[in-house]
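J.: Sharing a structure below in structure tokens format, with a few things to ask.
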Amino acid sequence: MSKKYTVLIVDDDKFLLDMYRKKFERDGAVVDVAVGSEDTLAKLRGGAKPDILILDIIMPGMDGLELLEVIRKEKLSPDSVVIMLTNESNREKIDKAKSLGIKGYIVKATSIPTEVVERVREIADLKTK
């Protein structure tokens, strides 16, 4: 069993947030969730520094890419491994996310929750080596 890691999952879908929270907690993570971008910024500006930040792109108001731009600009949680978990498969959006320094991009529709947890672990584990 590796050390506990902290995850902040951002999505506008409460059902998905609950489901992913349970999956990551079963994996040993300490999980926090944020409903949308404003909630996320409030947590990060308040000092949250998750090991892993999982962002959806398609959200009302400020989308996940705009959110990530603000996070980078304000240098919020600079050491977090940022992973996109989204149904957005537009190449330009993916490239934009990569230009903002994400470590991984997972498409929800093609991954079951257990696979998402495994992929996130793989991506995040790279950082500790």
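J.: Scan segment 1-39 for residues that are surrounded by fewer than 19 Cβ atoms within 10 Å (Cβ to Cβ) and in a strand (DSSP E or B) and report the count.
T.: The qualifying residues number 4.
J.: I would also like to ask the following. May I ask you to list the residues in segment 70-112 that are part of a helix (DSSP H, G or I) and either hydrophobic (A, V, I, L, M, F, W, C) or surrounded by 15 or more Cβ atoms within 10 Å (Cβ to Cβ) (or both)? Let's see the steps before the verdict.
T.: Residues of segment 70-112 part of a helix (DSSP H, G or I): 70-73, 91-99, 108-110.
If the condition is that a residue be part of a helix (DSSP H, G or I) and either hydrophobic (A, V, I, L, M, F, W, C) or surrounded by 15 or more Cβ atoms within 10 Å (Cβ to Cβ) (or both), then V70, I71, K93, I94, K96, A97, K108, A109 are the ones that fit.
J.: Say whether the condition of being touching a helix residue (DSSP H, G or I) at 6+ places or on another chain (Cβ under 7 Å) and without any contact (Cβ under 8 Å) to a residue 40 or more places away in the chain is met by at least one residue in segment 41-51.
T.: Taking every residue of segment 41-51 in turn, at least one turns out to be touching a helix residue (DSSP H, G or I) at 6+ places or on another chain (Cβ under 7 Å) and without any contact (Cβ under 8 Å) to a residue 40 or more places away in the chain.
J.: When you go through D79, D56 one by one, which is the residue that is of a type in the set (D, E, K, R), farther than 16 Å from K96 by Cβ and touching a residue at least 24 places away in the same chain (Cβ under 8 Å)?
T.: The match here is D79.
Table: residues versus (1) in contact with an Asp or Glu (Cβ under 8 Å, 6 or more places away or on another chain); (2) within 20 Å of Y20 (Cβ to Cβ).
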residue: V35; (1), (2): yes, yes
residue: K49; (1), (2): yes, yes
residue: D63; (1), (2): no, yes
residue: L68; (1), (2): no, yes
residue: I71; (1), (2): no, yes
residue: L100; (1), (2): yes, no
residue: Y105; (1), (2): no, yes
residue: E118; (1), (2): no, yes
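J.: Only residues in segment 90-105 that are touching a residue at least 12 places away in the same chain (Cβ under 8 Å) count as the first member; pair them with residues that are hydroxyl-bearing (S, T, Y), Cβ under 8 angstrom, at least 6 apart or cross-chain, and list the lot.
T.: The qualifying pairs are A97/Y105; Y105/T86.
J.: List the number of the failed condition for G47; all other conditions in (1) on the phi < 0 side of the Ramachandran plot; (2) over 12 Å from the mean Cα position of the chain (by Cα) hold.
T.: Checking G47 against (1) on the phi < 0 side of the Ramachandran plot; (2) over 12 Å from the mean Cα position of the chain (by Cα), the one that fails is (1).
J.: State whether one or more residues within segment 40-53 are buried (at least 19 other Cβ atoms within 10 Å of the Cβ), of a type in the set (A, V, I, L, M) and outside any helix (DSSP H, G or I).
T.: So far as segment 40-53 goes, yes, one or more of its residues are buried (at least 19 other Cβ atoms within 10 Å of the Cβ), of a type in the set (A, V, I, L, M) and outside any helix (DSSP H, G or I).
The numbers here are math on the coordinates, done by the rules we state, and not lab data. Only a predicted model underlies this, so the values are computations on that prediction, with no experimental measurement involved. Quick reminder, even Gly has a Cβ in these numbers, built from the backbone with ideal geometry, and neighbours come from all protein chains shown.
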